[in-house]
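The values are calculated or read from the model by the stated rules, or taken from the named source; none is laboratory data. Note that the coordinates shown come from a computational prediction; the quantities given were computed from them, not determined experimentally. In this analysis, Cβ positions are derived from the backbone assuming ideal geometry, glycine residues included, and neighbour counts consider all displayed protein chains.
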Amino acid sequence: MGSIQTDGPPAGQTPESTRQIVVAGAQLGPIHINTPRSEAIDRMIKLMDDAHQKQAKLIVYPEIAPVTFFPRHVLEGDELEQYFDREVDGDAAKSPHLKPLFDKAREYKMDMYLGYAECTGDDHVHYNTVVYYSGQVDKVISKYRKVHLPGSFEPYKGNDVTNQLEKRYFKPGDLGFQAFRAPGLLPDVVTKNSGAKANEGDTLGKGDAIVGMLICNDRRWPEAWREYGLQGVELVLCGYNTTAWAPELLGTSKKTSTREKAKEEALFHNKLSITYNSYANACFSINVAKCGFEDGRYPLIGGSCIVDCDGEVVVEASTEEDELIVAEIDLAMCRRGKEKVFAFERHRRTEHYGRIVGQTGVVEPELL
Ligand code: CDT
């Protein structure tokens, strides 16, 4: 029987892959309006201890992790400011409330995605922000500010409504979607020192891991993922606070007539967004919730999961409490999607995509 000769294993099937890495998502249960910040940080550190025990090299926390999801409340002055953190000497790692997390990550040489409400130094602008701390080089190496801010500027009218005042409290992110390489997260990678250059020769998929960051609502927008896909992203990180019941924000339908059904739908849309976009950009994603009933009455969905580059869920949280999800993933698997079905350079037709950047709202065809 004859056999077909090939030049080597198919894309993504390198049994000797060195792009394997253990990663963790640190889901948080509710943080109430009166939960002391130090208590929340202690819980986050406990999850990091657990991640370290399980050999994780990267930990991902939720959006605005260490405080209650305050945009549901109408606040001003100090009542609002208390939720924001400021960099010290241009460094989030020195910010007093957040410092213990960076100190622990430094001790463990662990990389960390950390979400917090940011107040900038001189001009006091507020953003919904995440930073990526590299435990390998002991430095914050990337910052992302949430671009898609859901909800309203003005509070909804009526009693017993759940607000989502992100447009009131934050400016839209001004940093775009900049992918970056996480230094030393993977062993034995190709680096500049060898004389090699990105996008030239045989370096595709061989350098330090390519990472992109999103925050909550961003994950629903394919444009955001594609920005990263076009930079060869292998791992997208996304923390979220997603309400399980907000008829004012989301509208209602027969399908979501009860709290239970609305929550089911919110969980479904979360999973739909992260699985499809991981597949369509041939990247892994780590998606992490803050969840449960904050203040005993505001429900947030759980469903934290790590998704592979084929869009399959690798591991999923089973509670609405503090819970660590961990998986060993192999970023070499991304090559198959990037080189075959979604070989962008061969198959994308940008001459037909003008509306995507040229137009914001919907323009329907003329009436007949
Ligand atoms: N925090 C955040 O962005 N929450 C929104 C609420 C629902 S808007 C459809 C989210 O996208 O999960």
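Can you tell me which of Leu214, Leu249 is within 11 Å of the ligand (Cβ to nearest atom), closer than 20 Å to Leu300 by Cβ and more than 13 Å from the chain's Cα centre (by Cα)?
Leu249
Filter region 230-246 for residues that are under 30 Å from Pro187 (Cβ atoms) and surrounded by fewer than 24 Cβ atoms within 10 Å (Cβ to Cβ); which is farthest from the ligand (Cβ to nearest atom)? Steps first, answer last, please.
Of all residues in region 230-246, those under 30 Å from Pro187 (Cβ atoms) come to 230-239.
Subsequent filtering for residues that are surrounded by fewer than 24 Cβ atoms within 10 Å (Cβ to Cβ) retains 230-232.
Working: Leu230: 23, Gln231: 23, Gly232: 26 Å.
The selected residue is Gly232.
What number goes with the only condition from (1) surrounded by fewer than 19 Cβ atoms within 10 Å (Cβ to Cβ); (2) in a loop (DSSP other than H, G, I, E, B); (3) within 11 Å of the ligand (Cβ to nearest atom) that Asp160 does not pass?
So Asp160 meets the others, but not (3).
Within region 179-203, track down each residue that is without any contact (Cβ under 8 Å) to a residue 60 or more places away in the chain, more than 24 Å from Ala224 (Cβ to Cβ) and more than 24 Å from the chain's Cα centre (by Cα).
Scanning region 179-203 gives Val190, Thr191, Lys192, Asn193, Ser194, Gly195, Ala196, Lys197, Glu200, Gly201, Asp202, Thr203.
For region 308-323, what are the residues that are farther than 20 Å from Ala65 by Cβ and of a type in the set (A, V, I, L, M, F, W, C)?
Selection gives Cys309, Val313, Val314.
Please go through region 108-137 and give me each residue that is surrounded by fewer than 19 Cβ atoms within 10 Å (Cβ to Cβ) and under 23 Å from Phe180 (Cα atoms), ordered by number.
Within region 108-137, Tyr108, Lys109, Thr120, Gln136, Val137 meet the criteria.
Mind checking which residues of region 268-308 are part of a helix (DSSP H, G or I), more than 20 Å from Val233 (Cα to Cα) and more than 16 Å from the chain's Cα centre (by Cα)?
Phe268, the sole residue that qualifies.
Does Leu175 count as at pLDDT 95 or above, surrounded by 22 or more Cβ atoms within 10 Å (Cβ to Cβ) and farther than 19 Å from Pro247 by Cβ?
Answer is no for this residue.
Step by step: first the residues of region 247-276, then only those that are closer than 19 Å to Gln27 by Cα and in contact (Cβ under 8 Å) with a residue 40 or more places away in the chain, then the one that is surrounded by the most Cβ atoms within 10 Å (Cβ to Cβ). Which residue is that?
Filtering region 247-276 for residues that are closer than 19 Å to Gln27 by Cα and in contact (Cβ under 8 Å) with a residue 40 or more places away in the chain, the one surrounded by the most Cβ atoms within 10 Å (Cβ to Cβ) comes out as Ile274.
For Gly195, state whether it is surrounded by fewer than 15 Cβ atoms within 10 Å (Cβ to Cβ) and within 15 Å of the ligand (Cβ to nearest atom).
no
When only residues in region 82-141 that are outside any strand (DSSP E or B) and within 20 Å of the chain's Cα centre (by Cα) count, which is nearest to Ile33 (Cα to Cα)?
Applying the filter and picking the extreme gives Leu98.
Are any of the residues in region 319-342 assigned to a loop (DSSP other than H, G, I, E, B), modelled with pLDDT of 95 or more and exposed (fewer than 10 other Cβ atoms within 10 Å of the Cβ)?
Residues of region 319-342 that are assigned to a loop (DSSP other than H, G, I, E, B), as a first pass: 319-322, 340-342.
Applying the additional criterion that residues be modelled with pLDDT of 95 or more yields 319-322, 340-342.
Pick out the ones that are also exposed (fewer than 10 other Cβ atoms within 10 Å of the Cβ) and you get none.
Checked region 319-342: no residue is assigned to a loop (DSSP other than H, G, I, E, B), modelled with pLDDT of 95 or more and exposed (fewer than 10 other Cβ atoms within 10 Å of the Cβ).
Does any residue in region 68-93 that is free of Cβ contacts under 8 Å to residues at least 60 places away in the same chain come within less than 6 Å, Cβ to Cβ, of a residue that is of a type in the set (Lys, Arg) and more than 16 Å from the ligand (Cβ to nearest atom) six or more places away or on a different chain, and which pairs are these?
Pairs that qualify, where the first residue is free of Cβ contacts under 8 Å to residues at least 60 places away in the same chain and the partner is of a type in the set (Lys, Arg) and more than 16 Å from the ligand (Cβ to nearest atom), are Val88/Lys94.
Would you say Glu264 is within 16 Å of the ligand (Cβ to nearest atom) and more than 20 Å from Ser152 (Cβ to Cβ)?
yes
It is to be established whether one or more residues within region 219-226 are within 16 Å of the ligand (Cβ to nearest atom), among the small types (Gly, Ala, Ser) and over 26 Å from Gln136 (Cα atoms).
yes
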